1. Between the stretch 113-161 and the stretch 227-274, how many Å separate their Cα centres?
2. Once the Cβ-Cβ distance between VAL57 and SER97 is put in as r, and R0 is 22 Å, what FRET efficiency do you end up with, to the nearest 0.05?
3. What does the highest-first list of 431-441, 107-117, 243-253 look like by mean Cβ count within 10 Å?
4. What residue among LEU49, MET234, ASN133 has its Cα farthest toward the positive end of the dipole of the chain, where the charges are +1 on Lys, Arg and -1 on Asp, Glu, each on the Cβ?
5. What is the angle, in °, between the Cα long axis of helix 304-317 and the longest principal axis of the Cα atoms in the chain? Nearest 10 is fine, range 0 to 90.
6. Remind me, relative contact order of the stretch 113-261 in percent, using alpha carbon pairs under 8 angstrom and six or more residues apart?
7. Let me have the 222 nm mean residue ellipticity of the chain computed from DSSP H runs of 4+ only, each contributing -39500 (n - 2.57), with the sum over all residues rounded to the nearest 500.
8. Where Rh denotes the Kirkwood radius from the mean inverse Cα pair distance, what is Rg over Rh for the chain?
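Each value in this text was obtained by applying a stated rule to the coordinates, not by laboratory testing. Owing to the predicted nature of the structure, the values given are computational and were not obtained by experimental measurement. Cβ sites come from the backbone with ideal geometry, for glycine too, and all protein chains shown count toward neighbours.
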Amino acid sequence: MRSLALALAAFATSAAAQTPAPTPAPAPQPAQIQPAPVSADVQRTIDRLREAGLQDVHGYEIVRDLVSEIGPRLAGSAQEARARDWAVAMLRAARFSNVHIETFPIPGWSWQRQEARIVSPSQQRLVVAALGNSPSTPAGGLEAEIVRFPDLPTLDAAPEAAVRGRIVFIDEHMTRTQDASGYGAAVAKRSGCPRLAAPKGAVACMIRSVGTDTHRFAHQGSAGRNVAIPTASMSPADAETLDALLEHGPVRVHLELETTRNPDAQSGNVIADIRGRERPDEIVLLAAHLDSWDLGQGAIDDGAGVAIITAAARLINALPRHPRRTIRLLLAGTEEPGGLGGDAYGRAHASEYHVIAAESDLGADRVYRFNTHFAESALPYARAFERALAPLGVVPGDNNADGGTDIGAVRRNGAPVVDLQQDASRYFDHHHTADDTLAAIDPEQLRQNVAAYAVFAYLAAESDWDFGATRPAAPAASP
Ligand SMILES: [Zn+2]
């Protein structure tokens, strides 16, 4: 089973791990906490699930079906609604229980036209994408001189006279990292450009795409709530062209965006359960999101996550008996424009007891590190998960897990979360582009994810471990 891909990935991990050097632990460091014991019976099942995950075929089939039968799934669109129906049929066929859709209203947004070209000193097309919530340009487009800033602070510091009447170009590059930390830093310009440029009188924003590739694909993404001026991203290749021209003098660009806001759009979450045999009210939540941007097919973002958690749960559902706790799948709608699906789930299920939650939303490359966000008293359980995941090449992380957007509300409600942290080194080459297709998924690494989620979910659901979750207050007894 030790493939070249996994071996290379393991090498990448050990190289990357050198940066934050593992501290040789003084006194009561978490590393010295012994793992909670796992019975021989549970260990046998974990071993079986791991091997089955590494040979799983359903995960890849699920994402292939989703991207071919449905394709792109913009939040609030008819395509997203079709994806919910597809998911319900797929989950019922796989014999999950409690399979249903929970709809919620969203402010919808879509684009109809996104075009740009340099008009002087040369003439050529720019590959651009309207960013989510961008308003339209005037019909026929707008033409203005480009003013370039290397990052948001320099835009913030610029005098109004440098910006007024111009198209602001934020040229910041994104750093490639294994742990996706480069994204957090780079993504601020999507909403930051219009927020800072509009009050200074800019006519539009065009940012270098938030991505790590050098290709001629623009990366989509949300520009935030109340976007005051037309805002687009451009492909890294086109940003290079602008850079070259700007070295020699003024550059004028024509930009035409046509977008529509639909205040009455509808989205929805899809739920499916494996009902716990002893503690059905204690929920182990696995989440991913169904919506996607619409230039690509939403294969790595987040068809892969849908496939990984569903295939992992399928393996557990096929065991001779269900685990003691309920395992729930949340396939959320409307993650991309701001996590509205996760918020809706958190509101609708605030009275339920979520003992732990995890999310898969960083593509399909292998899980390399396991982080928790547990109560101090629960760290022996973190050690037990680490031990169970170690044969998959997963290294121990820290106790500062973030969880992710789809489980953000559940976490705020008091649920401990974990990160089965994926190798994000190449994720942002494809993320939110026309090139987010099935070809960006490595089936072998996807299977490693299926195995990791199956092992994690089973161990969490078969145990009676308390990770420090807040138990919701019992509903007041009615008289
Ligand atoms: Zn995503």
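1. If we compute the Cα centre of each part, the gap is 10 Å.
2. On the way: r = 23 Å, r/R0 = 1.05.
For R0 = 22 Å, the calculated efficiency reads 0.40.
3. Going from most to least packed, we get 431-441, 107-117, 243-253.
4. LEU49
5. 10 degrees
6. 39 percent
7. Roughly -9500 deg cm²/dmol at 222 nm, from the helical runs in the chain.
8. 1.00
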